[in-house]
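Have a look at the structure below before the remarks.
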Amino acid sequence: VRSSDLIKKSFEFNLLELVSTLFSRVETTEAESISSVRHLLLFFCQQLDSSEVASLPDLRTLFLRLILVALQRSGACLVANDGYIEVIQQVVCKSIIKNCASCLEDHAIMSYGVNCMQTLLVLTPHLIKAHIQTFIHFVVLRLLESKKPSPECHEVLIEFLVDLLNKPDFSLFLYVNFD
C-alpha cells in the first residue's frame, strides 16, 4: 500500500510541476499558447465536474489544485485575453462554486476552492464580483448556517471573508449589490 501511495504522490507532484511550468511560460502575445492553456483549463474544469470524478474526493482535490496552479501561474495573461476571461467567467468560477457547494464538509476541496476564488479576485477583481457574490451566497453562508460545520472548513471561510472585507472597495460592493 505504501508504494502505491508514493507513486500517487509522485505523479501528483510531477503533474502539478508540469502544469506550473506550462502556465508560467505563456506569453500574452502568443495567441496559440493562450488558446492551448485555455483548452487545458477547460479540460481541468470538465474533469472536475464529471460524474466519474464527483465520487472521488482525491481526484476532485487534484483537479482543484491543478486549476489553482494554472490560475496562479497565468498571472497577467488572465486579464490580457478575452477568450481566457470568458473561460474564467463562464466555466472556471461556476465549476469552483459548484464543487465547493457540493462538498461543504470537505476541508481540502473547500480550501482549494477558496484559494482559487481568492486568486481570481486578486487577478481579476472587476470581472468576477458577481461570482464572488454567488460564492458567498451558495458556499460561505450555507456552510456558516450549517448545523455541523467542520472547524477546518469554518476557519477557511472566515479567513476568506476577512480577506474580502479587507479589500477597500469590497464592503461598498456588498452593500450596493448583495441583499
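Within the stretch 115-131, can you find the residues that are over 17 Å from F44 (Cα atoms), out of contact with any Asp or Glu (no Cβ under 7 Å at 6 or more places or on another chain) and either crowded, with 23+ Cβ neighbours inside 10 Å or not hydroxyl-bearing (S, T, Y) (or both)? Steps first, please.
Step one: filter the stretch 115-131 for residues over 17 Å from F44 (Cα atoms), giving 118, 121-131.
If we keep only those that are out of contact with any Asp or Glu (no Cβ under 7 Å at 6 or more places or on another chain) as well, we get 121-131.
Result: L121, V122, L123, P125, H126, L127, I128, K129, A130, H131.
Among all residue pairs at least 6 apart or on different chains, which show Cβ distances below 8 Å where the first residue, located in the stretch 1-18, is surrounded by 10 or more Cβ atoms within 10 Å (Cβ to Cβ) and the second is in a helix (DSSP H, G or I) and not polar (S, T, N, Q)?
So the pair list comes out as E12/L62; E12/R65; L15/L62; L15/L66; L16/R65; L16/L66; L16/V69.
Cβ-Cβ below 6 Å, separation at least six or inter-chain, first residue in the stretch 96-120 and closer than 15 Å to D58 by Cα, second open to solvent by 10 Å² or more (accessible area, probe 1.4 Å) and of a type in the set (D, E): which pairs?
Partner pairs satisfying both residue conditions: H107/E152.
I'd like to check which helices (runs of 4 or more DSSP H) are fully inside the stretch 1-61 and have at least 3 residues that are over 20 Å from C100 (Cβ atoms).
Numbers: elements: 2-24, 31-49, 51-54.
Correct list: 2-24, 31-49.
I'd like to know if the stretch 133-145 contains one or more residues that are open to solvent by less than 40 Å² (accessible area, probe 1.4 Å), in contact (Cβ under 8 Å) with a residue 40 or more places away in the chain and not in a helix (DSSP H, G or I).
No: zero hits.
Taking the residues in the stretch 32-57 that are more than 21 Å from G113 (Cα to Cα) and in contact (Cβ under 8 Å) with a residue 40 or more places away in the chain as candidates, determine which candidate is surrounded by the fewest Cβ atoms within 10 Å (Cβ to Cβ). Steps first, please.
Quick first cut of the stretch 32-57, residues more than 21 Å from G113 (Cα to Cα) only: 32-36.
With the extra rule that they be in contact (Cβ under 8 Å) with a residue 40 or more places away in the chain, the set shrinks to 34-35.
Numbers: I34: 20, S35: 13.
Step by step, filter the stretch 32-57, then rank; the result is S35.
From the list V176, V162, pick out the single residue that is β-branched (V, I, T), out of contact with any strand residue (DSSP E or B) (no Cβ under 8 Å at 6 or more places or on another chain), open to solvent by 30 Å² or more (accessible area, probe 1.4 Å) and modelled with pLDDT under 85. Full working, then the answer.
On the way: V162 fails: modelled with pLDDT under 85.
The unique qualifying residue is V176.
Output the residues belonging to the stretch 64-77 that are among the aliphatic types (A, V, I, L, M) and surrounded by fewer than 20 Cβ atoms within 10 Å (Cβ to Cβ). Outline the logic, then answer.
Kept after step one, since they are among the aliphatic types (A, V, I, L, M), are these residues of the stretch 64-77: 64, 66-71, 76.
Residue satisfying the conditions is A76 alone.
From the list L71, L64, L120, L78, exactly one residue is assigned to a helix (DSSP H, G or I) and at pLDDT 95 or above. Which is it?
Numbers: L71 fails: at pLDDT 95 or above; L120 fails: at pLDDT 95 or above; L78 fails: at pLDDT 95 or above.
Residue meeting the stated conditions: L64.
Quick one: which residue in E105, E86 is open to solvent by 60 Å² or more (accessible area, probe 1.4 Å), of a type in the set (D, E) and either part of a helix (DSSP H, G or I) or out of contact with any Ser or Thr (no Cβ under 7 Å at 6 or more places or on another chain) (or both)?
Answer to the check: E86.
The values are calculated or read from the model by the stated rules, or taken from the named source; none is laboratory data. As the structure is a computational prediction, the values presented were derived from the model and not from experiment. Cβ: placed from backbone, ideal geometry, glycine included. Neighbour counts: every protein chain shown. For accessibility, only protein heavy atoms count, side chains too; no ligands or nucleic acids. Shrake-Rupley method; radii C 1.70, N 1.55, O 1.52, S 1.80 Å.
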